[in-house]
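Asker: Questions regarding the structure given below will be posed in turn.
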Amino acid sequence: MTKKIVLIDDHVLFREGVKRILDFEKDFEVVAEGDDGDEVIEIVDKHQPDVVLMDINMPNINGVQATKRLFSKYPDVRVIILSIHDDENYVTHALKSGAQGYLLKEMDSQALIDAIKIVSDGGSYLHPKVTHNLVKEFQRLSTEESGGLQNIEIRKPLHLLTKRECEVLQLLADGKSNRGVSEALFISEKTVKNHVSNILQKMNVNDRTQAVVMAIRNGWVEVL
């Protein structure tokens, strides 16, 4: 079925660029656009979209505030925040507001498409660079709480994952995108996607962020 998408961003040229990308996807339809967060509830009322792409910085009501308001009326709506900020504080506030995705505006078209598909199907999606920053913050907080993680033994989960999947998992923890993993390991992006899918299934998690956090907790990856 066609995924109905609403795009809220106050930069017209950016909206046009995103819409042009989505128009090439036969399963996507941009049903409405807006340029401020105060419009989003009215637009969602009218169009009942599957996914809302929401800019985080807008003149009157920002994306986090708009997402909170939207979830108070439509708790099942799926929101992906679009941002230029990779700081974990922005990401944390966005996720606490109810967003299921967080994309940096430096994303490539495939990341946008993947994010919409995953979020619309009930998953969550964070830009790989954002994932890496959150992982670093998680490691910092864990170090403070435990008094130091320096002595954690890095144990590759070969009982659970193949050697290649361990390599992919480490690169995900390093903040690599699928393309970055592909280039690092000299394999195709399709092969990377297959490895990631296998990793999530074997680790019984919903997305790569959960996989990386679990891997850190178990000492399966090094965070540089």
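Asker: What are the residues in segment 165-192 that are among the hydrophobic types (A, V, I, L, M, F, W, C) and assigned to a helix (DSSP H, G or I), if any? Reasoning before the result, please.
Answerer: From segment 165-192, those among the hydrophobic types (A, V, I, L, M, F, W, C) are 166, 168-169, 171-173, 181, 184-187, 192; that's our starting set.
Correct list: CYS166, VAL168, LEU169, LEU171, LEU172, ALA173, VAL181, ALA184, LEU185, VAL192.
Table: residues versus (1) open to solvent by less than 60 Å² (accessible area, probe 1.4 Å); (2) assigned by the TED database to the domain that holds SER124; (3) among the acidic types (Asp, Glu).
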{"site": "SER177", "(1), (2), (3)": "yes, no, no"}
{"site": "GLU183", "(1), (2), (3)": "no, no, yes"}
{"site": "PHE186", "(1), (2), (3)": "no, no, no"}
{"site": "THR191", "(1), (2), (3)": "yes, no, no"}
{"site": "VAL196", "(1), (2), (3)": "yes, no, no"}
{"site": "GLN201", "(1), (2), (3)": "no, no, no"}
{"site": "ASN206", "(1), (2), (3)": "no, no, no"}
{"site": "THR209", "(1), (2), (3)": "yes, no, no"}
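Asker: Return a yes/no flag: does segment 20-41 have any residue that is touching an Asp or Glu at 6+ places or on another chain (Cβ under 7 Å) and among the charged types (D, E, K, R).
Answerer: Yes, that holds for at least one residue.
Asker: Exactly one condition in (1) of a type outside the set (D, E, K, R); (2) at pLDDT below 90; (3) closer than 19 Å to LEU104 by Cβ is not met by VAL181; state its number.
Answerer: Every listed condition holds for VAL181 apart from (2).
Asker: Take segment 78-89 and flag every residue that is open to solvent by 10 Å² or more (accessible area, probe 1.4 Å) and at pLDDT 90 or above.
Answerer: Across segment 78-89, the qualifying residues are ARG78, ILE84.
Asker: Looking only at segment 7-30, decide whether some residue is under 15 Å from ALA115 (Cβ atoms), in contact with a Gly (Cβ under 7 Å, 6 or more places away or on another chain) and assigned by the TED database to the domain that holds ALA115.
Answerer: No: segment 7-30 contains no residue that is under 15 Å from ALA115 (Cβ atoms), in contact with a Gly (Cβ under 7 Å, 6 or more places away or on another chain) and assigned by the TED database to the domain that holds ALA115.
Asker: Report the residue count in segment 8-43 for those that are open to solvent by less than 50 Å² (accessible area, probe 1.4 Å) and without any contact (Cβ under 8 Å) to a residue 24 or more places away in the chain.
Answerer: Here the count works out to 2.
Asker: Counting just the residues of segment 44-74 that are polar (S, T, N, Q) and either farther than 28 Å from ASP27 by Cβ or touching a residue at least 60 places away in the same chain (Cβ under 8 Å) (or both), which one comes out least open to solvent (accessible area, probe 1.4 Å)?
Answerer: The qualifying residue least open to solvent (accessible area, probe 1.4 Å) is ASN62.
Asker: Here's a follow-up. Filter segment 114-128 for residues that are under 19 Å from TYR74 (Cβ atoms) and either aromatic (Phe, Trp, Tyr) or surrounded by fewer than 22 Cβ atoms within 10 Å (Cβ to Cβ) (or both) and give the result.
Answerer: Correct list: SER120, ASP121, GLY122, GLY123, SER124.
Asker: Related question: Pick from THR92, THR131: which is out of contact with any strand residue (DSSP E or B) (no Cβ under 7 Å at 6 or more places or on another chain) and open to solvent by 50 Å² or more (accessible area, probe 1.4 Å)?
Answerer: Working: THR131 fails: open to solvent by 50 Å² or more (accessible area, probe 1.4 Å).
After ruling out the rest, the residue left standing is THR92.
Asker: Separate question: Give me the pairs: first residue in segment 97-113 and surrounded by 17 or more Cβ atoms within 10 Å (Cβ to Cβ), second residue of a type in the set (S, T, N, Q) and in a helix (DSSP H, G or I), beta-carbon distance under 8 Å, and six or more apart or on different chains, which are they?
Answerer: Pairs that qualify, where the first residue is surrounded by 17 or more Cβ atoms within 10 Å (Cβ to Cβ) and the partner is of a type in the set (S, T, N, Q) and in a helix (DSSP H, G or I), are SER97/GLN65; SER97/THR67; GLY98/THR67; ALA99/THR67.
The values are calculated or read from the model by the stated rules, or taken from the named source; none is laboratory data. As the structure is a computational prediction, the values presented were derived from the model and not from experiment. Here Cβ is always computed from backbone atoms with ideal geometry, including for glycine, and neighbour counts include all displayed protein chains. Surface accessibility is based on the protein's heavy atoms, side chains included, excluding ligands, DNA and RNA. Shrake-Rupley method; radii C 1.70, N 1.55, O 1.52, S 1.80 Å.
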